[in-house]
Amino acid sequence: MYKGASHKIWSVLMVSPFVIFFLLFWLLPLAFGAWISLHNWNISSGNLGFIGIENYKSILTPGTLYYDLFINGLKNTLYFVVISVPPLVLISLALALIIDNLPEKFKPVYRTIFFISYSISVTAVSAIFLWLFNGNGGYVNNVLESIGIISEPINWLGEQPYAWVTILIATVWWTIGFNMMLFINALDEVDGSLYEAADLDGAGAFSKFVSVTWPQIRNVAFFILIMTVIASFNLYGQTRLITAGGPEQSTNSLIMNIQTSVFSMNQLGIGSAMAIIMGFIMMLIIGFQYWISYRNKE
Amino acid sequence: MKRSTRKSLPILIVATIIAILFLLPLIWMIFTSFKTLSESMASSSILPSAWTLENYVGIFSSVTDAPILRWLFNTAFITAAGTVLVVFVDILAAYSLARLNVPGKKVILGMVFAALAIPGIVTLFPAFYMFKTAGLLDSYVPLILPYTASTMGVFLIYNFLISFPKDLEEAAYIDGASQWQILYHVIFPTIKPVAMTLGVITFLGIYNDFLWPSLVTNSNDMKTITLGIATLIQGANFVNPAKMMASTVIATIPAIIVFLIANKYIVKSVTNTGIK
């Protein structure tokens, strides 16, 4: 079936809107970005000439301004990936296990409550946590002072490690529900008859999890891990709005610093090169995770 | 039954404590929006001692600084237009790729898969520069059209279709149905669940986007609610938590209502995104 000229025309007509949009808004910017990264390209005065890989060189040469900017952002972003991925994966798994063990009639209510903050935008989340944790008149300080845990207000947003703690709490509160939903769905599909067999063997809750549950949700857990690493790598809104990159640029994320190079320094060429290097680093890390997981399967 | 409820009491208590922790920031946001400025900064009580509507009055009367209804309208328009466009364009493309032997199929599919692996940051600033050069900044065009370049939808629907039997379509074809009739009467009902999934993912993505709208808009009137809240954080409301929370409540309540109504589909969509 589906032969002949009229079908060919139909098929082309149907696929072409997507292909046109894809070429215009993805492939063209990708190619254009690579081209820009080989030029001294100013955001306001435009192309100032071909310079080959000079942009990449200066980003990767220690001591230059752009190197410092890139490494500062990369270091902060990697730090955030390291501190945020374990809680985002492990706590979401714990929440999913709690939901899974609740009586059936309570499940939807708690699931909705744990997931509801995911519907809030990053900017509203930032507004809330900016004022919960504000050093001057923030609610958390007011409460801690009134019950006598602290005598001086903590400068949550202006001192480390408090600034990262605030960003981390905000991020966990905001996004953990999504990972939890993926885990809940995976747990729903775990073969229940295996639990009965484990019960007969007298297995405890922990050994049941290790021997029955974990092997069946491992693939989902890996998928969640990858998604979480990507999300944490793209850290932007929380640090832009809650800490504005401070204190002393310690929460400037890589995307923030790329934006700085493009808009504050006007260096679109440098910014495009930084974005491409960042893309490569992300692909390397994700590829490495795939490699580890496939190796473990064999 | 009773025994099982008693047995699950400890876990119910744990779940309830966590639920309260999850809800506290939202409860605090709502109550703070009804506090006076001085109370919002000094009080450790979550409830206002004196309720006031001055924060809401202040927001709705400062329409030049914070045209919050306009921002809500922009968001409603952009998310609706963007989501419908993406779902429609992706269904057509995925159908053509999965069923119609379109010329260049392998190349197109190859690009779809490759694009999934390349992080979005790489195209962000060049795309901004293209819109700037084309003189299209501060219009609805860059706020809607670029979302159509995402290949996630084509990927999801294509995968769904190739694992779905063609019997119905072939029967309809033999009965003399036109291509459009097959699409409308057979394909649309078939792919409805995955199309809903794509719709929810796309809606949340556009609604929550902050960096891209901040690049392509200048005027207050073109901002989305998500971007508008950021503007307030960085500007007028920076030192006023009560007013800040009032605007955040206005921004958040519609999203939470949509979320509660669409809860069922979101749950399904999260399942569908993954794994299979």
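The values are calculated or read from the model by the stated rules, or taken from the named source; none is laboratory data. In this text the structure is predicted, and so the values were computed from the model without any measurement. Ideal geometry is used to build each Cβ from the backbone, glycine not excepted, and the neighbour counts take in all protein chains shown.
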Every pair of residues 6+ apart whose Cβ atoms lie under 6 Å, when the first sits in the stretch A:207-223 and is modelled with pLDDT of 85 or more while the second is outside any helix (DSSP H, G or I): A:T213/A:V190; A:Q216/A:V190; A:V220/B:I275; A:F223/B:G274; A:F223/B:I275
Search result, residues across the stretch A:144-173 that are small (G, A, S) and farther than 21 Å from A:P87 by Cα: A:S146, A:G148, A:S151, A:G158
Test result for B:D167, assigned by TED's automatic domain parsing to the domain that holds B:A115, modelled with pLDDT under 85 and loosely packed, with under 14 Cβ neighbours inside 10 Å: yes
Output for the stretch A:125-140, where each listed residue is farther than 19 Å from A:R240 by Cβ and either touching a Gly at 6+ places or on another chain (Cβ under 7 Å) or surrounded by fewer than 19 Cβ atoms within 10 Å (Cβ to Cβ) (or both): A:N136, A:G137
Filtered residues of the stretch B:128-176 (kept if part of a helix (DSSP H, G or I), hydrophobic (A, V, I, L, M, F, W, C) and closer than 17 Å to B:L227 by Cβ): B:F128, B:F131, B:V141, B:L143, B:I144
Those residues of the stretch A:86-124 which are of a type in the set (G, A, S), under 20 Å from A:N219 (Cα atoms) and crowded, with 20+ Cβ neighbours inside 10 Å, in sequence order: A:S92, A:A96
Contacts under 7 angstrom Cβ, first residue in the stretch B:125-147 being without any contact (Cβ under 8 Å) to a residue 24 or more places away in the chain, partner surrounded by fewer than 16 Cβ atoms within 10 Å (Cβ to Cβ), 6 or more apart: none
Qualifying positions in the stretch A:267-298 - under 30 Å from A:I43 (Cα atoms), assigned to a helix (DSSP H, G or I) and not aliphatic (A, V, I, L, M): A:G269, A:G271, A:S272, A:G279, A:F280
Helices (runs of 4 or more DSSP H) fully within the stretch B:1-52 counting 3 or more residues that are surrounded by fewer than 16 Cβ atoms within 10 Å (Cβ to Cβ) and out of contact with any Phe, Trp or Tyr (no Cβ under 8 Å at 6 or more places or on another chain): B:2-7, B:9-32
Residues within the stretch A:241-266 that are part of a helix (DSSP H, G or I) and either facing another protein chain (nearest Cβ under 8 Å) or of a type in the set (V, I, T) (or both), tallied: 8
Of all residues making up the stretch A:102-144, the number that are of a type outside the set (A, V, I, L, M, F, W, C) and in contact with a Ser or Thr (Cβ under 7 Å, 6 or more places away or on another chain): 5
Qualifying positions in the stretch B:199-217 - of a type outside the set (S, T, Y) and under 18 Å from B:V122 (Cα atoms): B:G205, B:D209, B:F210, B:L211, B:W212, B:P213, B:L215, B:V216
Residue within the stretch A:2-18 that is of a type outside the set (D, E, K, R), outside any helix (DSSP H, G or I) and within 12 Å of another protein chain (Cβ to nearest Cβ) present: yes
Complete set of residues in the stretch A:25-55 that are of a type in the set (A, V, I, L, M) and within 14 Å of B:F125 (Cα to Cα): A:L27, A:L28, A:L30, A:A31, A:A34, A:I36, A:I43
Check on A:I176, aliphatic (A, V, I, L, M) and in contact with a Leu (Cβ under 7 Å, 6 or more places away or on another chain): yes
Residues of the stretch B:115-127 satisfying the condition of being more than 7 Å from every other protein chain (Cβ to nearest Cβ) and either farther than 24 Å from A:Y236 by Cβ or not in a helix (DSSP H, G or I) (or both): B:G120
Matching option when the condition is surrounded by 14 or more Cβ atoms within 10 Å (Cβ to Cβ), of a type in the set (A, V, I, L, M, F, W, C) and either more than 8 Å from chain B (Cβ to nearest Cβ) or over 26 Å from B:L145 (Cα atoms) (or both), among A:L38, A:L24, A:L48, A:L30: A:L38
Members of the stretch B:177-187 that are outside any helix (DSSP H, G or I) and either more than 19 Å from A:V12 (Cβ to Cβ) or more than 10 Å from chain A (Cβ to nearest Cβ) (or both): B:A177
